[in-house]
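Below you'll find the structure, written out as structure tokens, and then a few comments.
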Amino acid sequence: MPTDSRDAYSLPQRLLHWVMALMIFFNLLFPDGMNAWNRTVRHGGIPSADQIASANVHAYVGIGILVLAILRVCLRLIQGAPAEPAAEPKIFRIGAKVAHAALYLLIFLLPLTGMMAYYLGIDFAGELHGGILKAILWALIAAHVAGALAHQFYWKTNVLRRMTVGS
């Protein structure tokens, strides 16, 4: 993806990042409605109206994440991204690129596998969605936060600032 000499991401890029982060955390932390719906359906029951409504909230947030992810990638292709900080060792820059690519992949795969499970009834997609992909996402989020904190407090770069308040 293109980079340029700007010191920070644009305001729309920053807003998309944080809105998506909130939506992702919402779906990661509050999947109970979808889980209840799934248990009921898998055991041959008929979901209640509350279970359906709760499952729909989870699904709609996931669809929203997918739509914003598409918008975010388009915006990044158009506007680019700030250059990598030179103070970071090369191995960490490579690791950051791999982690970011994996995060982008997951913000597409998780909504798609969720929709395949919920709307099309593909059980394997649901297992993938709520299992390994969810676990990988948690690990990548932890690495992403750790990397941002390392930049802020160890390398003392502006990486955290350029995704929060800009420069």
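The values are calculated or read from the model by the stated rules, or taken from the named source; none is laboratory data. Keep in mind that what you see is a predicted model, and the values were worked out from it rather than measured. Neighbour counts are summed over all protein chains in view; Cβ atoms, including those assigned to glycine, are modelled from backbone coordinates with ideal geometry. For accessibility, only protein heavy atoms count, side chains too; no ligands or nucleic acids. Shrake-Rupley method; radii C 1.70, N 1.55, O 1.52, S 1.80 Å.
Just the number please: accessible area per residue for the chain, 1.4 Å probe, all protein chains included, in Å². Please list the in-between numbers first.
On the way: 9850 Å² over 167 residues.
Spelled out: the 1.4 Å probe surface of the chain, per residue, equals 59 Å².
How charged is the neighbourhood of ALA21? Take every other residue with its Cβ under 14 Å from the Cβ of ALA21, and add Lys/Arg as +1 and Asp/Glu as -1. Display every interim value, and only then the final one.
Numbers: positive: ARG14, ARG72; negative: none.
Result for the neighbourhood of ALA21: +2.
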Tilt relative to the chain, helix 32-42 - C-alpha long axis, 0 to 90 degrees, to 10 | 40 degrees
For LEU22, what accessible area in Å² do you get when you roll a 1.4 Å probe over the heavy atoms of the protein chains, rounding to the nearest 10?
-> 130 Å²
Nearest 10, in degrees from 0 to 90: the angle of helix 90-120 to the longest Cα principal axis of the chain is 20 degrees
Candidate lysines for bridging to LYS134, where Cα separation is under 30 Å - those fewer than 8 sequence places away on the same chain excluded = LYS90, LYS97
Using just the C-alpha positions of segment 1-107 as equal point scatterers, what log10 of I(q)/I(0) does the Debye formula give at each q in 0.13, 0.14 1/Å?
-> -0.63, -0.69
Summed residue charge, Cβ within 13 Å of GLY95's Cβ, Lys/Arg positive, Asp/Glu negative | +1
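What net charge do the residues around VAL165 carry, taking every other residue with its C-beta under 12 Å from that of VAL165, with Lys and Arg at +1 and Asp and Glu at -1? Don't jump to the answer; show the numbers that get you there.
Working: positive: ARG14, ARG161, ARG162; negative: ASP7.
Summing Lys and Arg as +1 and Asp and Glu as -1 gives +2.
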Take every Cα-Cα distance within segment 64-167, group them into 5 Å bins from 0 onward, and report for each bin the whole-number percent of pairs it holds.
-> 2, 11, 17, 21, 19, 13, 9, 5, 3, 1
